[in-house]
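The values are calculated or read from the model by the stated rules, or taken from the named source; none is laboratory data. Note that this is a predicted model, so its numbers are computed, not measured. Glycine also receives a Cβ, built like all others from the backbone with ideal geometry; neighbour counts cover every protein chain displayed.
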């Protein structure tokens with residue numbers, strides 16, 4: 001049973017489906033849900049970095065908070081940081097004592113209209129997170145995206 005779930009997002013449309021999976025998992029397990037968005041390395045002064053973090057926090061809220069609240073779910077934390085995305089994600093997982101980290105295969109939607117259904121390897125963030133995470137990493141496959149599942 002998972003009590004602390006961490007969802008890593010790149011805020012793309014593809015992540016919406018992964019978010020719904022993580023939210024359902026959190027609700028079913030009566031768990032706290034951390035939502036993490038990494039900005040990568042920002043080579044600017046501290047004031048500009050803080051502005052970028054605040055802007056990203058707003059985007060995360062716009063993307064996910066309304067849906068969580070509409071389902072009566074309020075046990076969440078939003079974390080945004082600059083720096084190496086994998087390092088920051090792993091550090092958050094360790095410090096928050098996360099039970100499972102939920103993420104997608106890549107930052108890009110795996111299939112576009114007319115593209116092959118043979119998806120490539122994991123993206124670099126997902127692959128490195130699997131290697132460095134202090135907890136299990138659950139990778140949501142493209143087949144779980146509505147409309148792409150094969151029966």
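Each row is one residue, and each column tells you yes or no for (1) closer than 18 Å to residue 124 by Cβ; (2) in contact (Cβ under 8 Å) with a residue 24 or more places away in the chain.
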| position | (1), (2) |
| --- | --- |
| 60 | no, yes |
| 65 | no, no |
| 70 | no, no |
| 75 | no, yes |
| 80 | no, yes |
| 83 | yes, yes |
| 86 | yes, yes |
| 94 | no, yes |
| 98 | no, yes |
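For the structure I just gave you, tell me whether residue 117 is over 24 Å from residue 4 (Cβ atoms), at pLDDT 95 or above and out of contact with any strand residue (DSSP E or B) (no Cβ under 8 Å at 6 or more places or on another chain).
no
Looking at 134, 124 in this structure, which one is modelled with pLDDT of 95 or more, at negative phi, surrounded by 12 or more Cβ atoms within 10 Å (Cβ to Cβ) and in contact with a helix residue (DSSP H, G or I) (Cβ under 9 Å, 6 or more places away or on another chain)? First the steps, then the outcome.
Values: 124 fails: modelled with pLDDT of 95 or more.
Only one candidate qualifies: 134.
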_the stretch 11-58: number of residues that are under 24 Å from residue 97 (Cα atoms) and out of contact with any strand residue (DSSP E or B) (no Cβ under 7 Å at 6 or more places or on another chain)_ = 7
*Restricted to the stretch 13-26, and to residues that are within 10 Å of the chain's Cα centre (by Cα) and either at pLDDT 95 or above or part of a loop (DSSP other than H, G, I, E, B) (or both), which residue is nearest to residue 38 (Cα to Cα)?*
19
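Taking residue 43, is it free of Cβ contacts under 8 Å to residues at least 60 places away in the same chain and part of a loop (DSSP other than H, G, I, E, B)? Outline the logic, then answer.
Values: free of Cβ contacts under 8 Å to residues at least 60 places away in the same chain: yes; part of a loop (DSSP other than H, G, I, E, B): yes.
The answer is yes for residue 43.
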